[in-house]
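Single-structure report; data block below.
The values are calculated or read from the model by the stated rules, or taken from the named source; none is laboratory data. All figures in this text were calculated on a predicted structure; none of them were measured in a lab. As a convention, Cβ positions derive from the backbone with ideal geometry for all residues, glycine included, and neighbour counts pool all protein chains shown. With ligands, DNA and RNA removed, areas are computed over all heavy atoms of the protein, side chains included. Shrake-Rupley method; radii C 1.70, N 1.55, O 1.52, S 1.80 Å.
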Amino acid sequence: MKRTSVIALLAVVLSAPACDRKKDGPATTQAQDPPTGLDKGYPDRMVEKLPGKTAPLPAPIASPVPEATAGGTVAGACDLTTKESAVQVYAKLKGFELTGDGKDYGCAMLLPRLESALFGMMATEVGCIWTEIVHGCKLYLVNDASDEVLSSMGWATASKKERGSLALLWTEQVIFAEKEVLAQGTGAFEGQDAKFEKPAAKSLPSGGVEVRLWVRLAPGMSATSLHELHRVTFDADGALVGNEVASSFRAGGVGIETGHGPH
């Protein structure tokens, strides 16, 4: 073939549309499998690439859990007086088969004063991370449950003092269930810029409540413990809207008494 013919042929090939050329596979105009990550059919959910198909990961549970029996409730009475009975209620709400009587279930804590029970997962060197709470035969995410639980305990008609007591109770027993709430100061505060404050709640002009208290975190592998002053805020409906650390320091903290009594 002459040199001029070869050049002309190459010019024709290179000028052809991209979709008409193949390169080790189908034309680019054919449909392709969605990539692993954000799937086109589930724009707001991560997907897992499986052989031959793409399956969405389970969505996080809502509050109350939509899969729970009878639209979020357990049929009949909900017995939260013992760990065994509370775990059985939890299993029904979650829809899983319970092996055994529930006595050996890991992270489950009864809260009689709140007529509730906490459930969660075990974490190394941290203890239980509380994620869910059962109250009134319904299952809630812990961070979304305060207004529901406190409302059922009379929050709407409670006096300012009563709201403060309810907010303080929720803060101590739910938010800091795995931490030590300090009832009084000790030598750990000597030489610190931060001053000790007893657990207290005050009413806000909006009808909400602000709780302030000191907690001590477990030292773990450290020789000192982290002490934190928390400011926890509830709105007029009893919903948890804020939890911030106002002050903190590290110290040995030997002999500190806590505000936790029997749950």
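Screening region 155-191 for residues that are more than 26 Å from the chain's Cα centre (by Cα), hydrophobic (A, V, I, L, M, F, W, C) and assigned to a loop (DSSP other than H, G, I, E, B) and picking the one that is farthest from L110 (Cα to Cα) gives A158. One residue stands out among those in region 150-167 that are among the polar types (S, T, N, Q) and free of Cβ contacts under 8 Å to residues at least 12 places away in the same chain: the one that is surrounded by the most Cβ atoms within 10 Å (Cβ to Cβ), which is S159. Among the residues making up region 101-135, those that are closer than 20 Å to T171 by Cα, crowded, with 18+ Cβ neighbours inside 10 Å and either out of contact with any His (no Cβ under 9 Å at 6 or more places or on another chain) or free of Cβ contacts under 8 Å to residues at least 60 places away in the same chain (or both) are C107, A108, S116, A117, L118, F119, G120, W130, E132, I133, V134, H135.
Remark: A145 matches the filter, which requires a residue to be open to solvent by less than 50 Å² (accessible area, probe 1.4 Å), under 24 Å from E115 (Cα atoms) and in contact (Cβ under 8 Å) with a residue 40 or more places away in the chain.
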